[in-house]
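The values are calculated or read from the model by the stated rules, or taken from the named source; none is laboratory data. Because the structure is predicted, anything quoted here is derived from the model rather than measured. All Cβ positions, glycine included, derive from the backbone under ideal geometry; neighbour counts span all protein chains shown.
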Amino acid sequence: MGAPMRRMNVVTVAASLVATSLVATSLALGVVVGFAVPAGAQAPASGATAFEGARLIVGDGRAPIENATLVVEGTRIVQAGRAADVRVPAGATHVSLTGKTVMPMLIDTHVHLSATRESVIRDLRRRAYFGVSAALSLGQDSYDLLDIREQRIPGAARFFSAGRGITMPEPGRIAVSQQHWITSEADGRKAVQELAEKKVDIVKVWVDDRAGQFKKLTPEFYAAIIDEAHKHGLRVTAHIFNMDDAKGLIRAGVDAFAHGVRDKDIDDEMVELYKKRADMVVTPNMPDRGVKTDLSWLRPGLPAADFEKIEAANIDRPREQLFHGIQARNLAKINAAGVRITLGTDGNRAWRPHEQMEDMVLAGMTPMQVIVASTRNAAEFLRMIDAGTLEAGKSADLLVLDANPLDDITNTRRISAVILRGAAVDRAQPVR
């Protein structure tokens, strides 16, 4: 049992649940076990709050700081470091996190969220519940959702978007209203110009024939798209499957891959192409391992019916195991080559970053490398200058854990509390 928590200015509902105002409550729980705050009423505590006694993982790869103190004022961290080096302001609220580990919240650089405004906001709230502070939606968003990017919704992750991505026609797979279907270089340039006008965060292209079902973007087409995007100050990330396409895209100047190579083990030429591009970013998006796993950690965070559906599909699948093996070996190679890696999950499972992080470790990355990929690297990829590490001046996006993820990366699932932009996220029940 950790040191007693002296006082915690955390907004909570009055016990009667009838009061119309929110009050700050003093708790004496021995340790911080979570924060219960109504999602729609979160607000950062007034004045300064000092979170004391935890192990601090900054997120930039440096060794963790034992017995650390973080001082938060409003939505920002104003001090972070060894307790002996931090001067807590007079009058600050003190919160004991003795025995806990604090790290930056996770950032997911490849998701596909829901199609309506209400559903997108729910998706973002679900991500905050699981300790994700931001998500990049890649290429299937209508433009009328883009204004959500400018909003700071209490209890919800920040939203980034590529708007409508660019591909050859894929009838029957994705609605054309969600993508730009092109059949010429001119079409590609026009699509980029529209995306630039809408001020998307990045341009997404698909270079994949879907196992021979469709024609895929030709080198001439994607070269034109990349050229036009760079003229407008936009970067391009590519959905790929084949190694040959990956090589062509790198030579054409693509900025990032939204997947690793999936058709075969990469060769030495591919590794050398990566090495020549120090600014290249790869989001490996490891697929399901195809093995039955213990999903009990998910039960508290999901509606019962949703959990039962996921558990029913939790079986061994040998074919998927082989597919996963290719990508795991390729991730190990590019990581050893020093390629910059970020976290991405490709889909709309809010908890998936925690599984993805385990997969990345199993592929050969160290827990610290995976944490950096999921925090600092991901923030820099999204150009979030105020996030990704726990340092003075950064957003107070704290993931408080009951165990050390450097010992076992699955400890990121043992969430004690989530502090998003200085406010506690309500984790009393699943987001519905």
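Check R421, R349 and return the single one that is touching a Ser or Thr at 6+ places or on another chain (Cβ under 7 Å) and more than 24 Å from I250 (Cα to Cα).
Testing whether each residue is touching a Ser or Thr at 6+ places or on another chain (Cβ under 7 Å) and more than 24 Å from I250 (Cα to Cα) leaves just R421.
Which condition breaks for E185 when tested against (1) touching a residue at least 60 places away in the same chain (Cβ under 8 Å); (2) among the acidic types (D, E); (3) surrounded by fewer than 20 Cβ atoms within 10 Å (Cβ to Cβ)?
Exception for E185: condition (1).
Filter the stretch 318-356 for residues that are among the charged types (D, E, K, R) and either touching a residue at least 60 places away in the same chain (Cβ under 8 Å) or under 27 Å from R414 (Cα atoms) (or both) and give the result.
Matches in the stretch 318-356: R329, K333, R340, D346, R349, R352, E355.
Look at A211 and say whether it is more than 29 Å from A417 (Cα to Cα) and modelled with pLDDT of 95 or more.
For A211, the condition - more than 29 Å from A417 (Cα to Cα) and modelled with pLDDT of 95 or more - is not met.
Just to be sure, is V88 more than 24 Å from the chain's Cα centre (by Cα) and on the phi < 0 side of the Ramachandran plot? Write out each step before concluding.
On the way: more than 24 Å from the chain's Cα centre (by Cα): yes; on the phi < 0 side of the Ramachandran plot: yes.
Yes, satisfied.
Residue by residue through the stretch 311-340, note down the ones that are surrounded by fewer than 15 Cβ atoms within 10 Å (Cβ to Cβ) and of a type in the set (V, I, T).
Matches in the stretch 311-340: I315 only.
If D108 meets every condition in (1) in a loop (DSSP other than H, G, I, E, B); (2) touching a Pro at 6+ places or on another chain (Cβ under 8 Å) apart from one, which number is that one?
Going through (1) in a loop (DSSP other than H, G, I, E, B); (2) touching a Pro at 6+ places or on another chain (Cβ under 8 Å) one by one, D108 breaks only (1).
Just one of V282, V271 is under 20 Å from A238 (Cα atoms), aliphatic (A, V, I, L, M) and surrounded by fewer than 19 Cβ atoms within 10 Å (Cβ to Cβ); which is it?
After applying the criteria, what remains is V271.
Got a sec? Which of G53, G99 is on the phi > 0 side of the Ramachandran plot and assigned to a strand (DSSP E or B)?
From the options G53, G99, the qualifying one is G53.
Would it be correct to say that A350 is touching a Phe, Trp or Tyr at 6+ places or on another chain (Cβ under 7 Å) and either of a type in the set (A, V, I, L, M, F, W, C) or within 15 Å of H110 (Cα to Cα) (or both)?
Answer is yes for this residue.
Residue under question is E118, and the condition is that it be on the phi < 0 side of the Ramachandran plot and at pLDDT 95 or above; does it hold?
It is true that E118 is on the phi < 0 side of the Ramachandran plot and at pLDDT 95 or above.
Among the listed residues T366, T410, identify the single one that is outside the structural domain of V111 (by TED's automatic domain parsing) and of a type in the set (S, T, N, Q).
T410
Within the stretch 111-133, is there a residue that is more than 25 Å from R421 (Cα to Cα), surrounded by 24 or more Cβ atoms within 10 Å (Cβ to Cβ) and assigned by TED's automatic domain parsing to the domain that holds A373?
No, because not a single residue in the stretch 111-133 is more than 25 Å from R421 (Cα to Cα), surrounded by 24 or more Cβ atoms within 10 Å (Cβ to Cβ) and assigned by TED's automatic domain parsing to the domain that holds A373.
Mind checking whether some residue in the stretch 276-286 is assigned to a helix (DSSP H, G or I), assigned by TED's automatic domain parsing to the domain that holds V236 and either more than 21 Å from the chain's Cα centre (by Cα) or without any contact (Cβ under 8 Å) to a residue 60 or more places away in the chain (or both)?
For the stretch 276-286, residues assigned to a helix (DSSP H, G or I), assigned by TED's automatic domain parsing to the domain that holds V236 and either more than 21 Å from the chain's Cα centre (by Cα) or without any contact (Cβ under 8 Å) to a residue 60 or more places away in the chain (or both): absent.
Being hydrophobic (A, V, I, L, M, F, W, C) and either crowded, with 24+ Cβ neighbours inside 10 Å or in contact with a Gly (Cβ under 8 Å, 6 or more places away or on another chain) (or both) is the requirement here; does L136 meet it? Please lay out each step first, then the result.
Numbers: hydrophobic (A, V, I, L, M, F, W, C): yes; either crowded, with 24+ Cβ neighbours inside 10 Å or in contact with a Gly (Cβ under 8 Å, 6 or more places away or on another chain) (or both): yes.
Yes; evaluated as a whole, the condition is true for this residue.
Anything in the stretch 192-250 that is within 24 Å of the chain's Cα centre (by Cα) and of a type in the set (K, R)? List them, or say none.
K198, K199, K204, R235
For the stretch 292-308, indicate whether the set of residues that are under 22 Å from D346 (Cα atoms), surrounded by 18 or more Cβ atoms within 10 Å (Cβ to Cβ) and either of a type in the set (A, V, I, L, M, F, W, C) or free of Cβ contacts under 8 Å to residues at least 60 places away in the same chain (or both) is non-empty.
Checked the stretch 292-308: at least one residue is under 22 Å from D346 (Cα atoms), surrounded by 18 or more Cβ atoms within 10 Å (Cβ to Cβ) and either of a type in the set (A, V, I, L, M, F, W, C) or free of Cβ contacts under 8 Å to residues at least 60 places away in the same chain (or both).
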